[in-house]
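Chemist: This is the structure I want to talk about, given as C-alpha cells.
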C-alpha cells in the first residue's frame, strides 16, 4: 500500500515557487501550497488509483495539492454526507472547491442532496460548492430530465443576491451551464438572466448581464441541442 509519506515526498519534490506565486494572480492562495501544476497533480493521483484511506490522509495533511489529489483517489461510494460537508468546510480556494465537485462530489449518490442542502447555506464555501456542483451536473448528467434542472433556477435567483465573490461567480457559472444544457432551459435561463440584469443590486445585475451575454451569443446558441 502506498504510504502517505511517499506521496507527500513526491509532491514536495515537484514544488515550484514561481508557479505558487503565479497562482496568486488567479486568487489561489492556500495556506499550504507547493505550486505543483494540475497536470502533475492529476498524473500522480491517477497513477495511485482509487484508495479511500489514502485520500483521507492526503486531505488531513492540509497541503493544497494533496487535497486535490484526495478528490481524485477517494472512492465516491464511501463518501458520506458528513464527510462531504467536513471537506467542503475545509475549502479555502475556489480551485479546490471546484476540483472536489468535479472529481468527487458529482460521482457520489449524494450529489443532488448536496446541492439542495447547501444552496442556501450561510457558509461561503458550502454555498459555492452547491452551485459549482450544479454547474458540473448540468453538463455531465446528460440522461437526467430537464425538469430536475428547471427547479434549480429558483435557487439561482435567490443566491444571486449574495454579494460574496466566490459565491457570486459560482451562481453565474451555474446559470450559464443550466442555460446551455438544452434549448428549453436556455430560454428559461435567459429570462432569468434578463430579470437579474435589471436589478439594482450589483451582484444579481452582474450575474444577469454576464449570463445573458453568453446565452444570447449566436456561437453559444449554435452549440445548444434543440
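Chemist: Which value in nm describes the separation of the simple spin-label points at residue 25 and residue 3, placed 7 Å from the Cα toward the beta carbon?
Modeler: In this crude spin-label approximation the distance works out to 4.0 nm.
Chemist: Now, a different point. Roughly how compact is region 1-74, stated as its Cα Rg over 2.2 N^0.38 Å to two decimals?
Modeler: Cα Rg divided by the expected 2.2 N^0.38 Å: 1.04.
Chemist: Sort 106, 97 so that the residue with the fewest other Cβ atoms within 10 Å of its own Cβ comes first and the one with the most comes last. Please list the in-between numbers first.
Modeler: Numbers: 106 20, 97 25.
Least crowded to most crowded, the residues run 106, 97.
Chemist: Run through every distinct alpha carbon pair of region 15-152 and return the Kirkwood hydrodynamic radius in angstroms, one decimal place. Numbers along the way, then the final one.
Modeler: Numbers: mean 1/r = 0.0649 Å⁻¹.
Radius from the Kirkwood sum: 15.4 Å.
Chemist: Considering only C-alpha atoms, what is the centroid distance from region 70-91 to region 1-57, in Å?
Modeler: Each part's Cα centre sits 17 Å from the other's.
Chemist: Stick to Cα atoms and the Kirkwood definition of Rh, then tell me Rg/Rh for region 99-226.
Modeler: We get a ratio of 0.95 for region 99-226.
Chemist: Any chance you could run the full-extension gain for residue 164 through residue 205? It's 0.36 nm times the residue separation minus the Cα-Cα distance, nm to one decimal.
Modeler: Net length gain for the segment: 13.4 nm.
Chemist: Also, quick follow-up: In degrees from 0 to 90, rounded to the nearest 10, what is the angle of the helix 4-13 Cα long axis to the longest principal axis of the chain?
Modeler: 80
Chemist: How far apart, in nm, are two points set 7 Å out from the Cα along the Cα-to-Cβ line at residue 198 and at residue 219?
Modeler: 2.9
None of the figures in this text is laboratory data; all of them are computed from the coordinates on show. As the structure is a computational prediction, the values presented were derived from the model and not from experiment. Counting neighbours? That spans all protein chains shown, and the Cβs are built from the backbone with ideal geometry, glycine included.
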